[in-house]
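Before any comments, here is the structure.
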Amino acid sequence: MENLSLHHLSLFITEEVYVIPGDDIKPVAQGSLPIPQTTETASATVEETIEAIESIPALSYDGKFEKGVMVIVDEAEIKAELQELLFKILGAVGCGLKDIALVKSNALEGTSMESIQQLNPSKIILFGKVAHDIMHYRDELYKIHAEDGMEFLFADDLNAIYTTVALKKSLWNQLQILFGIQK
């Protein structure tokens, strides 16, 4: 039990847990609580839950996703000049390909929001529009929106940003806030 990650614990602890400073937290001695008896029904429910989690299609992406930042683009293939722009943008906020999960629109096809949530990104930046459930989180362009433990930033497609200085400025202003960059 001690080796479970926060992700694993979140699968069965659905309420938020708060630690209030000043409260005495006393660890429970091992063996002091009764051990619930396993029933076939409980085992079957756990197995069904595990099967449901494993049946969620994996989301394919480029990068190593070390900083938990997901970048979604509305193109199956990114043109060279747009890819250069994207990596300049990411470099300005201290991210490279090793830090992000770069998801192209064709990788989203046939996946659900659970595929994204399974990766547990802290920040999602979406360029353009994609045919996916994630668009339900879209509020306004160039405005950070936090929901379900993730921060979302929706922007125009990379081609529009590439050709319009005002859009570059709007994106940069919000990226500074999203990544805590001081001017």
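For segment 162-170, just list the computed ³J(HN,Hα) in residue order, Karplus coefficients 6.51, -1.76 and 1.60, θ = phi - 60°, integers in Hz, with x standing in for Gly and Pro.
Karplus values, whole Hz, x for Gly and Pro: 4, 9, 10, 4, 4, 5, 4, 5, 4.
Quick one: which residues, 5+ away or cross-chain, put their amide H under 5 Å from the amide H of ILE124? H built at 1.01 Å from N.
MET70, GLU151, PHE152, LEU153
May I ask you to evaluate 6.51 cos²θ - 1.76 cosθ + 1.60, the Karplus curve with θ = phi - 60°, for each residue of segment 121-137 and list the ³J(HN,Hα) values in order in whole Hz, giving x for glycine and proline?
Those phi angles translate into x, 8, 9, 10, 10, 10, 9, x, 10, 10, 8, 7, 4, 4, 5, 5, 7 Hz.
Can you pull the one-decimal nm distance between simple spin-label points at ASN106 and SER60, each 7 Å off the Cα toward Cβ?
It works out to 0.8 nm between the two label points.
Step through the residues of segment 101-107 one at a time and calculate ³J(HN,Hα) from phi using the Karplus curve (6.51 cos²θ - 1.76 cosθ + 1.60, θ = phi - 60°), rounding each to whole Hz and writing x for Gly and Pro.
Taking θ as phi minus 60°, the curve returns 10, 8, 10, 8, 4, 5, 6 Hz for segment 101-107.
Can you put VAL93, VAL73 in order of Cβ neighbours within 10 angstrom, beginning with the fewest?
With the fewest neighbours first, VAL93, VAL73 line up as VAL93, VAL73.
Once you place label points 7 Å from the Cα toward the Cβ at GLU147 and ASN120, how far apart are they in nm?
Between GLU147 and ASN120, the label points sit 2.2 nm apart.
If each residue of separation counts as 0.36 nm, what is the full-extension length gain between LYS79 and ALA131 once their alpha-carbon separation is subtracted? Spell out each step's value before the answer.
Details: separation 52, 0.36 × 52 = 18.72 nm, distance 2.03 nm.
Between LYS79 and ALA131, full extension yields an extra 16.7 nm.
Expressed in nm to one decimal, what extension gain is obtained for the pair PHE87 and GLU140 from 0.36 nm per residue of sequence separation less their Cα-Cα distance?
16.7 nm
With no solvent and one point per C-alpha, what does the Debye sum give as log10 I(q)/I(0) for segment 118-166 at q = 0.27 Å⁻¹?
-1.08
Throughout, read-outs are computed from the coordinates displayed, never taken from laboratory work. A quick note: this is a predicted structure, and the numbers were derived from the prediction, not measured. A quick note on method: Cβ atoms are made from the backbone with ideal geometry, for glycine too, and the neighbour counts reach across all protein chains shown.
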